[in-house]
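Everything on this sheet refers to the single structure shown next.
The values are calculated or read from the model by the stated rules, or taken from the named source; none is laboratory data. Since this is a predicted model, take the numbers as computed values, not measurements. Glycine gets a Cβ as well: all are built from the backbone with ideal geometry, and neighbour counts include every protein chain shown.
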C-alpha cells in the first residue's frame, strides 16, 4: 500500500481550503495550487482564522496552530503540486474544468502519485480517463465544511486498483474521518439523496405550497433536520446544487431530477447563497431575511 506523506490540493475555494486545513492539521505536508495565486494566499489566511477559532474553543491545541500553518505551502506551482504522494483536485463542480486541471497536471506527476477528485457528482471513471494512471485514480468526496464534517465518500472508478483504494481509505481515516463506499453513479450517495430534496423544496416554493420560512421551519421541526433545505442549499451554494441536479438529470435521464426553473433563475441572477450574500435568504444584514 502506498505511503502518503505529502498532499497536493488543486483549487483554493471553499473545499480546497477546508481539505488543506484538515490534511495539515493531521500532520501532512500540503501544497496548495490555484490559477489565482491571490486566492491561495486568501485560503491560507482563512485556515489561520479557522484554526484560531478552533483553538479558542478548545478543539485544537493552541500550540498546533503555527505548526499546522507551516505545513501548508500556498501558491505551489504545477511542478511542486504534482510531485506529491496524493493529489486531490477540488476545482469547481464542472466536468470540463476538472478534466482540464488533470490534463495540465499529468506531465508533472511523480511516478507514485495517487490522483483523487473531490467531485460531489461527476463520474470518476470519466475523469480518470484523461490521465495517464486511471488505475491510481479515486474519488475522495469530503463534505462541506471539511474541518467539521466527519464523512468522506470513497468512489472507485472502473479502473481503480485495490492498492489505491486501500491507500485512500487509510488516508481518510488518518484524518479522523469515517468513510462510506459509493459506486460510480451520478452524485454517488449523499448528493443522490440530498440534492433532489433541496430541488423539491425549491419546487415547493415555486409552486406556492409554502414560503421560504414555512418550508424550512416545517422540515426543521417536522423532520428534525438541523437546517431547512432552502437554507442548506444557500449554505452549499445554489450553483453547486444546480450542477449536481444537471449531472443527475443528464446521467439518469429521469424527469424526477429535472432542476426547478426557480433554482435555475436564482443561479442566473448570481444569487448563489451565503457566499454571494443572497440566495433564498438575504445575508447582507444582521439577520438573514427570506428573499421570497
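Quick notes on this one:
Quick grid of which residues meet (1) touching a residue at least 40 places away in the same chain (Cβ under 8 Å); (2) part of a loop (DSSP other than H, G, I, E, B); (3) closer than 23 Å to residue 173 by Cβ:
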position	(1), (2), (3)
4	yes, yes, yes
32	yes, no, yes
76	yes, yes, no
91	yes, yes, no
97	no, no, no
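- Screening 213, 234 for residues that are assigned to a helix (DSSP H, G or I), touching a strand residue (DSSP E or B) at 6+ places or on another chain (Cβ under 6 Å) and surrounded by fewer than 19 Cβ atoms within 10 Å (Cβ to Cβ) leaves exactly one candidate, 213.
- Candidates 195, 168 - the one that is assigned to a helix (DSSP H, G or I), touching a strand residue (DSSP E or B) at 6+ places or on another chain (Cβ under 8 Å) and buried (at least 22 other Cβ atoms within 10 Å of the Cβ): 168
- Residue count, the range 50-74 (criterion: in a helix (DSSP H, G or I) and either without any contact (Cβ under 8 Å) to a residue 60 or more places away in the chain or closer than 24 Å to residue 135 by Cβ (or both)): 12
- Residue 152 satisfies every condition listed in (1) more than 17 Å from residue 10 (Cα to Cα); (2) under 18 Å from the mean Cα position of the chain (by Cα); (3) at pLDDT below 95 except (3).
- Which listed residue, of 147, 107, is surrounded by fewer than 24 Cβ atoms within 10 Å (Cβ to Cβ) and either without any contact (Cβ under 8 Å) to a residue 60 or more places away in the chain or more than 17 Å from the chain's Cα centre (by Cα) (or both): 107
- Conditions (1) in a loop (DSSP other than H, G, I, E, B); (2) more than 17 Å from the chain's Cα centre (by Cα); (3) over 30 Å from residue 46 (Cα atoms); number of the one not met by residue 227: (3)
- Looking across the range 249-292, the residues that are part of a loop (DSSP other than H, G, I, E, B) and touching a strand residue (DSSP E or B) at 6+ places or on another chain (Cβ under 6 Å) come down to 271, 279, 288, 291.
- Members of the range 84-98 that are under 17 Å from the mean Cα position of the chain (by Cα) and surrounded by 18 or more Cβ atoms within 10 Å (Cβ to Cβ): 86, 87, 88, 89, 90, 91, 93, 98
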